[in-house]
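What follows is a short report on a single structure.
The values are calculated or read from the model by the stated rules, or taken from the named source; none is laboratory data. Keep in mind that this is a model prediction, so the values were computed, not measured. Here the Cβ positions follow ideal geometry from the backbone for every residue, glycine too, while neighbour counts run over all protein chains shown. Heads up: the accessible areas ignore ligands, DNA and RNA and are worked out on the full protein's heavy atoms, side chains in. Shrake-Rupley method; radii C 1.70, N 1.55, O 1.52, S 1.80 Å.
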Amino acid sequence: MFYPSYRPRRMRKNPQFRRMVRETALSVDNLIYPMFVIHGKNVRKEISSMPGNFQLSVDNLVKDARAVHGLGIPAVILFGIPKTKDEMGTGAYDDKGIIQTAVRALKDKVPDLMVITDVCLCEYTSHGHCGIVENGEILNDPTLELLAREAVSHARAGADMVAPSDMMDGRVGAIRDALDEEGLDQIPIMSYAVKYASAFYGPFRDAAESPPKFGDRSSYQMDPANTREAMREAELDVAEGADILMVKPALPYLDIIHRVRDEFDLPVAAYNVSGEYSMIKAAARLGWLDEKKAMMESLTAIKRAGADLILTYWAREAAKLLHE
Ligand code: PBG
């Protein structure tokens, strides 16, 4: 009787063998936890479309960040909800703004936790777009100056790294120049290099109160159908001085993560976005799947595809499981 000489099941026989030949290991070191900060005192408002995530006032942000640090998670990324929004998104580059205040508090109270700030205007503009709007158009070059001011303001407040997510052309270079001019040449840039115009950001826009008031973001974020263009976007950001390249979202774009990993030698980050989190949460609540298993499978798949770093709302739960 013919049997193949190699039988894959031999090495799947028991947990010990499976552990020995496992190719991908997720580590707490890979995780970045996104947090939302809002004005006020003792605010802890759950985001209804993202159970387990909260808009936090600075006091509670510090409290939760301590716990995040205690779990061994190396970094958080901050998103701010300003008191007021206006045409030019002035709250974004106000040295006394919500992010700047939060960064100062975190660096004072939990200094070893790396604080990354999301650099964008959409949370701060009355129209909800990521750039300056004129006659219904999102202007590119005038926006760069504001993004650069925002990044400098975050770094001056003590941010360890800035992460531009606006998708304006040339913003990594503009931010790099502005940081360098201010003597902030040691502040790295994690670029949302390949960011698609995705429906999976839906729950985030509840969390950050940032949905666009007209139109959508397809004139600046990428078309989900495109791969070659993703390589061009990454190439530009490398040339402009990015330190880490991010792909976003993660799960529907594992092929893109893989290609960016193959073609570039910078660290690659992937953003496991709000919709990816919420759809599994919702299915788990209905009893349709096991949340912990689906979470670990998702994060492992993102790592397997080539991500070194994963931004995920599951960071705390995953860290707990990894410590067990
Ligand atoms: C800001 C920004 C967004 C996300 C991160 N930064 C929203 C958007 O572009 O509309 C989405 C994150 C998520 O969905 O978890 N531009």
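Some points to look at:
- Fraction of accessible area attributable to carbon and sulfur, the range 166-324 (%, probe 1.4 Å): 51 percent
- On Cα atoms only, tilt of 254-263 relative to the major axis of the chain in degrees: 80 degrees
- Euclidean distance of C-alpha centroids, the range 189-265 and the range 137-183, integer Å: 17 Å
- Peptides 286-298, 9-21, 237-249 ranked from most to least packed give 237-249, 286-298, 9-21, packing being the mean of other C-beta atoms within 10 angstrom over each peptide's residues.
- Surface accessible to a 1.4 Å probe, per residue, for the residues of the range 221-324, Å²: 46 Å²
- Helical content of the chain, expressed as a calculated mean residue ellipticity at 222 nm, amounts to -11500 deg cm²/dmol (DSSP H runs of 4 or more residues, -39,500 (n - 2.57) each, divided by residue number, nearest 500).
- Those chymotrypsin sites (Phe, Trp or Tyr not before Pro) in the range 154-249 that DSSP places in a loop and that have at most 12 other beta carbons within 10 Å: 214
- The range 96-205: trypsin sites (Lys or Arg not before Pro) in DSSP coil with no more than 10 other Cβ atoms inside 10 Å: 96
- With Cα atoms, 0 to 90° folded angle of helix 141-157 axis to the chain main axis: 80 degrees
- Percent antiparallel among DSSP beta bridges (both partners in the range 44-140, rounded to 5): 55 percent
- Reduced Cα scattering model of the range 137-224, Debye log10 I(q)/I(0), q = 0.10, 0.26 Å⁻¹: -0.28, -1.30
- Normalised by residue number, the volume inside the convex hull of the Cα atoms of the chain is 157 Å³ per residue.
- Based on the reciprocal of the average 1/r between different C-alpha atoms, the Kirkwood radius for the range 70-221 equals 15.5 Å.
- Folded to 0 to 90 degrees: helix 58-70 orientation relative to the chain principal axis, Cα: 30 degrees
- The range 33-110 and the range 275-317 have Cα centres lying 23 Å from one another.
- The amide H of residue 129, built 1.01 Å from its N in the peptide plane, has 213 as neighbours under 5 Å, considering only residues 5 or more places off or on other chains.
- For the range 267-279, backbone phi angles converted through the Karplus equation (6.51, -1.76, 1.60; θ = phi - 60°) give residue-by-residue couplings of x, 10, 10, 10, 9, 6, 6, 3, x, 5, 6, 5, 5 Hz, Gly and Pro being listed as x.
- The stretch between residue 95 and residue 206, if pulled fully straight at 0.36 nm per residue, gains 37.5 nm over its current Cα-Cα span.
- Shape of the range 76-155, Cα gyration tensor, a/c cut at 1.5: prolate
- Per residue solvent-accessible surface (Å²) - the range 38-90, probe of 1.4 Å: 46 Å²
- The base-10 log of I(q)/I(0) for the range 1-86, evaluated at q = 0.23 Å⁻¹, reads -1.12 [Debye formula, identical scatterers on Cα atoms, solvent excluded].
- 3J(HN,Hα) along the range 90-107: 4, x, 6, 10, 7, 4, 9, x, 5, 5, 4, 5, 5, 4, 4, 5, 5, 5 Hz, from the Karplus curve 6.51 cos²θ - 1.76 cosθ + 1.60 with θ = phi - 60°, whole Hz, x for Gly and Pro.
- Shape call, the range 188-324: gyration tensor on alpha carbons, a/c limit 1.5: oblate
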